[in-house]
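Laboratory data are not the source of any read-out in this text; all were calculated from the coordinates shown. What you see is a predicted model; the values in this text were computed from it and never measured. Cβ atoms come from the backbone with ideal geometry, glycine included; neighbour counts cover every protein chain shown.
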Amino acid sequence: MTRTRRPAPALPRRSALLLPFAPLAAGCRRIGGETPGPPDPPGGLDGAWRTDYTDPRRPSYLSDLVGVSADEAWGVVLARPEHPSGLLHLSAGRWRREPLPGRYDDAAMLRLAASGPDDVWLYAVAQPVPWLEQPVDKPRPVLRRHGGRWHTVPVDFGVLSLATAGPGQTWAADERGILRHWDGRRWRKTDLPGRHLAQGTTVVRALAVDARTADDIWVAGTQITWSGPEQPAVLHGDGRTWRTVGTPTYRFDDDSVLREETAVLTAIRALGPGEVWASGTHTRHHEDEEHGGPQDEYFRLRWDGARFVPAPSLPRSPDVSGALPLPVPDGAGGQVHGGWLRRRADGTFRGIGAPAGTGGWAGSPTGPTRLQVYLPTPLPGTRTVLGAGRLSTGESAQAVVVRYDAP
């Protein structure tokens, strides 16, 4: 009897685990590699971030940040155990703190999704459940803001990832890897290619979803087969039909499969027509690391119009999240990668400087304070990108929001 291996735990979208970056092969980085020294910016700087908001609580941490219009954004601040967590709301040029609209336990990692000011979603990330097993945790609340108020959306499943393209066009990957669609009234399961496990077929588990428009939906995750390790999977939908998109195969050894070897995609982002990125992890049984051999790795993929291919490695950075960062558009034809790097429209890279008074980037040996910037999010229709930040002073840290205006 063939045993179905459990996929590696899905990392949260735009993971906030911050680790140093040292590129390997194209688009890959070892998990837990050595810390590189702070690099010189490639080709100089294209401006700098500036501090937009500093949370007064310590410790505090921004678990998500999303821009919903040219002058409005929402964030989630986790500040336990000393202080209650809450929301941040940017409106009319001012950040305001608001209480959480739903009840979440202390373990909840809260995320946001939005298609505009009147379609903002708040949810807690669930833990993935092995295929063919039933969830044991009670589903946590899912809320949607429209009409100036937060409303509870009924769910009977845990949410791994959620994306919305507008009212009635919301998609969620549940804790079992099943894709769900909210039509404005109820959730419906979506049949994806290869859902029936039989010899010679593949089961696709959805772990991340992004919906750019109602007819441009992307799903990323893992495919489980009868033979060989689990491999990355991507599907593209137009709201009616789905097709499988090609992805690379990851193996540590060409001649054998290591114990519990797994390659999964845990994040996907559609920046625009023809511009789609995904990131994931390639892991094996951790007890085997004690005996040497290859290390686990992160990887990034980019759609070339036909299939996903390994993305070129980024220049070294002292401030890139552990899961390789997916870019966001900067409104000027370029992209912001992670916290400190800008890719111009011509494909060349430039650095983005740290805000004044922060002591520089984390990983830098200078300054009493150090900054990490993650979760970049554009303000639609502008050249402004907001970023969630963590400002460390000694053993304490506080959440900050930074702002970058692309030249």
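For the reader, a short list of remarks on this structure follows.
- Magnitude of the charge dipole for the stretch 148-261, about its Cα centre and with charges confined to Cβ atoms of Lys, Arg (+1) and Asp, Glu (-1), is about 640 debye.
- Taking a sphere under 10 Å around the Cβ of Gly158 and counting the other residues whose Cβ falls inside, with K and R at +1 and D and E at -1, yields a net charge of -1.
- Segment Arg97-Arg383, length gained on full extension (0.36 nm per residue, minus Cα span): 100.5 nm
- Modelled this way, with points 7 Å down the Cα-to-C-beta line, the labels at Thr369 and Arg307 are 4.9 nm from one another.
- Protection proxy ranking of 109-115, 66-72, by the mean of other Cβ atoms within 10 Å over each peptide's residues and highest first, is 109-115, 66-72.
- Full-extension gain in nm, Gln295 to Asp238, via 0.36 nm per residue minus C-alpha separation: 16.7 nm
- Spin-label model, Lys189 to Leu45: label points 7 Å out along the Cα-to-beta-carbon direction sit 5.4 nm apart.
- Charge sum, other residues only, whose C-beta stays under 10 Å from Pro355's C-beta, Lys/Arg counted +1 and Asp/Glu -1: +1
- Ascending count of other beta-carbon atoms within 10 Å, so fewest first, for Arg97, Arg205: Arg97, Arg205
- Placing unit charges on the Cβ atoms of the charged side chains and taking the dipole of the stretch 44-110 about its Cα centre, the candidate lying farthest along the positive direction among Leu45, Trp74, Tyr61 is Tyr61.
- Taking each residue as 0.36 nm, the span from Ser256 to Arg58 lengthens on full extension beyond its C-alpha to C-alpha distance by 66.4 nm.
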